[in-house]
Amino acid sequence: MATQTFQVRVDARIPWQTTDISVQEGDRLRIEVPNPSLPNVNHPKPWPWGPNCDPDGNRSDEEPRFKWDDAIAPDLFVFALVGRIGESGTPFFVGSSFDQPASASGYLYLSYNDGVNFNDNSGYWDVLVTVEPSCPGGGCWNDEEGKCAYNYSGADAKAYASIYKGAYNPNPHFCVYRYPDSTDNPCGAPSGASDCANFVSQALLYGGLPLTNDWYAEERIDTSQWAGAEDTAGLPSYLRWLVSGAPNDRSVDIRTNGQVWVDRANTGRTIANLDWVFSHGSQDPNNQTIIEAVGAALWAEGIRVGDVLYATEDGLEHVALIVAWGPFVTTWNEIYNMNTAALPMQRDSSNPVPYVIDHGNHVLSADPKPQDWAAGPKPYYALRWAPPEETSPGNFGERGNANSAAQPPWGFIHIPSIVLFPLEQLRESWFTDKSEIVG
């Protein structure tokens, strides 16, 4: 699939001349007559002694343009270049230059807009027709790569995550998975999927990523295509193959190529100290020097707000969205009392480590629930132990629950500002503008 350009001669004696050019609805269709000006002796004449006519219907005798009920396109200027898509398509005005999305799918027809008798016409127009494939979901065709390009905004993904902080404020357009209170689920009983990937997927969609054939949700329809982070046999496509090597391999890859997901054959790069810092039982995860060094390494590798954190424990088990860079802290109380809205998107010496927001299920499970989190989970410190199910203010050293699904080693998925997808992988959206999915 690529942009294609054709040269067609439109003979004034042939009504609705087939071009054998197939277009799909939404394709960008550009039609141009390279030399449209009068006088031009090759331009069509409506009768042997008549004037030459340019593609816009202007005449060499300077008589005004008009419309004619007997013309093959009676609502358009007579003696002009007109087109239609398909044998019964609605005629449209082409003129000397046309550049619009195709309104239908089918073969392109072009014609001189005359009446019932074409036999006494003469002349022709040489026409260039360019067909550029359309991209669902607001993408732009990249002819050099032969793929659809989409702009991804980490700031937009952060804004979405901040609005719908997981369990306490679910978006009614989407299903909610595996929460204790199933009344929060607009689709009925929760499915077997985990909500962390669902929550991150929603933020990525709002950030600008398109729906694909194997990464999508439909409005208020229960689907696990983009959920289930702990299911290593059926990961959502943007997370697939992110655990490098065997399931128990603790290495952490930094993914920087132009796709959201990576083929297992491309193992990416490894930040050397991440593995030994966060492998179980190796180094003290509270060591400020090590933590800040890792933060600096992540920043140098391009990890930014809007990227994805994932945790591995015998496979991929948890995901969250990076929403800010913040300070090194030593107690959960500092996070509870932190003005998280003020956390910056940039890293500096006072904000050296990444913070994330996830679906917040650990807060729902907490008993008693921390009052400071009553409006939804705050960001937590991405380079420390994630809060276990029973969350309470205290020292980070108390967070050593080995059964916590969201513990190190961490990995990070970098999503470039422009991502490319093959056209055949893309899926039409069930909404026309992403603002429609913000309740």
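The values are calculated or read from the model by the stated rules, or taken from the named source; none is laboratory data. Remember, predicted model here, so these are calculated numbers, not experimental data. Here Cβ is always computed from backbone atoms with ideal geometry, including for glycine, and neighbour counts include all displayed protein chains.
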Quiz prompt | Complete set of residues in region 79-101 that are outside any strand (DSSP E or B) and surrounded by fewer than 22 Cβ atoms within 10 Å (Cβ to Cβ) | solution = Gly86, Glu87, Ser88, Gly89, Thr90, Pro91, Gly95, Ser96
Quiz item: Residues in region 172-184: is at least one at pLDDT below 70 and surrounded by 23 or more Cβ atoms within 10 Å (Cβ to Cβ)?
Solution: no
Exercise. Pick out the one residue from Val116, Val129 that is buried (at least 21 other Cβ atoms within 10 Å of the Cβ) and either without any contact (Cβ under 8 Å) to a residue 60 or more places away in the chain or over 30 Å from Trp49 (Cβ atoms) (or both).
Key: Val129
Exercise. Write out, first by first residue and then by second, each pair whose Cβ atoms fall under 6 Å of each other, whose residues are 6+ apart or on separate chains, and whose first residue, in region 424-435, is closer than 19 Å to Gly146 by Cβ and assigned by TED's automatic domain parsing to the domain that holds Phe174 while the second is among the basic types (Lys, Arg) and part of a loop (DSSP other than H, G, I, E, B).
Key: none
Quiz item: In region 24-75, which residue that is among the aliphatic types (A, V, I, L, M), surrounded by fewer than 21 Cβ atoms within 10 Å (Cβ to Cβ) and closer than 19 Å to Val127 by Cα is farthest from the chain's Cα centre (by Cα)?
Solution: Val41
Quiz item: For Gly95, which of the numbered conditions (1) at negative phi; (2) in the same structural domain as Val41 (by TED's automatic domain parsing) fails to hold?
Solution: (1)
Quiz item: Can you name the residue in region 418-432 that is part of a loop (DSSP other than H, G, I, E, B) and out of contact with any helix residue (DSSP H, G or I) (no Cβ under 8 Å at 6 or more places or on another chain) and, of all such residues, is farthest from Asn142 (Cα to Cα)?
Solution: Trp430
Quiz item: Can you tell me which residue in region 102-139 is farthest from Asp75 (Cα to Cα), limited to those that are assigned to a loop (DSSP other than H, G, I, E, B) and polar (S, T, N, Q)?
Solution: Ser134
Quiz prompt | Every residue from region 213-227 that is out of contact with any helix residue (DSSP H, G or I) (no Cβ under 6 Å at 6 or more places or on another chain) and modelled with pLDDT under 75 | solution = Asp214, Thr223, Ser224, Gln225
Quiz item: Got at least one residue in region 317-340 being in the same structural domain as Gly207 (by TED's automatic domain parsing), modelled with pLDDT under 80 and of a type in the set (Gly, Ala, Ser)?
Solution: no
